[in-house]
Amino acid sequence: MTESLIPAIAAELRGAGLRVTAARAALLETVREGDHLGVEAIAAGVRDRVGHVSLQAVYDALHALTAAGLIRRIEPADSPARFEGRVGDNHHHVVCRSCGVVADVDCAVGEAPCLTASDDRGFSIDEAEVVYWGICPSCATAEVPDRQQ
Ligand SMILES: [Zn+2]
Ligand SMILES: [Zn+2]
């Protein structure tokens, strides 16, 4: 079952303390090749690679890989969760209010937490999560007179 795995991916899973399965390896590849994919798109990518995998198995693998730090989960307000392979750099995201497309924005100073809280309330802060909201270029040029709803 693991014969078609890319050895490097299998080694990464093992190195993160995870049991290596074809579905997990396919999921890691899918998330890395994608661009802030949602669960449905990830499930489709995994199935393209290894055949049928249940949605529950996809959720389980997403949870395991996120907990292990191999992928990152982002969840803009009112949006379904997205996953990405760019981890560990505390980068931020810009989200289109119209179509929901997500793009990366580099951290302002290049290292976490990137922003200094005006009052840390005594916490030891190690991460700042910033979401910029706006209208993406393709929506801006679509010349929609009124946004739906
Ligand atoms: Zn847009
Ligand atoms: Zn990102």
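Mind checking the full-extension length gain between SER138 and ASP48? Use 0.36 nm per residue of separation minus the Cα-Cα distance, one decimal, nm.
Fully extending the segment from SER138 to ASP48 adds 29.5 nm.
Through the Karplus equation 6.51 cos²θ - 1.76 cosθ + 1.60, θ set to phi - 60°, convert the phi angles of the stretch 77-89 into ³J(HN,Hα) values in whole Hz; use x for Gly and Pro.
Here the 3J(HN,Hα) series is 3, 6, 10, x, 4, 10, 10, 9, x, 8, 10, x, 10 Hz.
Sort VAL20, VAL31, VAL131 by heavy-atom solvent-accessible area, probe 1.4 angstrom, most to least.
In descending accessible area the options line up as VAL131, VAL20, VAL31.
Just by accessible area at a 1.4 angstrom probe, what is the order of GLU12, GLU127, GLU29, GLU40 from largest to smallest?
GLU40, GLU127, GLU12, GLU29
In the stretch 40-129, what trypsin sites (Lys or Arg not before Pro) fall in a loop by DSSP, with at most 15 other Cβ atoms inside 10 Å?
Taking the stretch 40-129 and a limit of 15 other Cβ atoms within 10 Å, the loop trypsin sites (Lys or Arg not before Pro) found are ARG86, ARG97, ARG121.
Roll a 1.4 Å probe over the protein heavy atoms and report the accessible area of CYS136 in Å², nearest 10.
Its accessible surface works out to 20 Å², give or take rounding.
Please give the helix 55-67 orientation as an angle from the longest Cα principal axis of the chain, in degrees from 0 to 90, rounded to the nearest 10.
The angle comes out near 70 degrees.
On full extension of the chain, what length is gained from ARG14 through ILE125, given 0.36 nm per residue of separation minus the C-alpha to C-alpha distance?
37.0 nm
Please find the FRET efficiency linking ILE6 to THR116, where r is the Cβ-Cβ separation and R0 is fixed at 41 Å, and quote it to the nearest 0.05.
0.50
Can you tell me what share of the DSSP beta bridges in the chain is antiparallel? A percent to the nearest 5 is fine.
Counting only bridges with both partners in the chain, antiparallel ones make up about 70 percent.
Kindly sort ILE9, ILE125 by accessible area of their heavy atoms, largest first, with the probe set to 1.4 Å.
On the way: ILE9 15, ILE125 75 Å².
These residues rank, largest area first, as ILE125, ILE9.
The values are calculated or read from the model by the stated rules, or taken from the named source; none is laboratory data. As the structure is a prediction and not an experimental result, all values here were calculated from the model. Here Cβ is always computed from backbone atoms with ideal geometry, including for glycine, and neighbour counts include all displayed protein chains. Please note that ligands, DNA and RNA were not included when accessible areas were found on the heavy atoms of the full protein model with its side chains. Shrake-Rupley method; radii C 1.70, N 1.55, O 1.52, S 1.80 Å.
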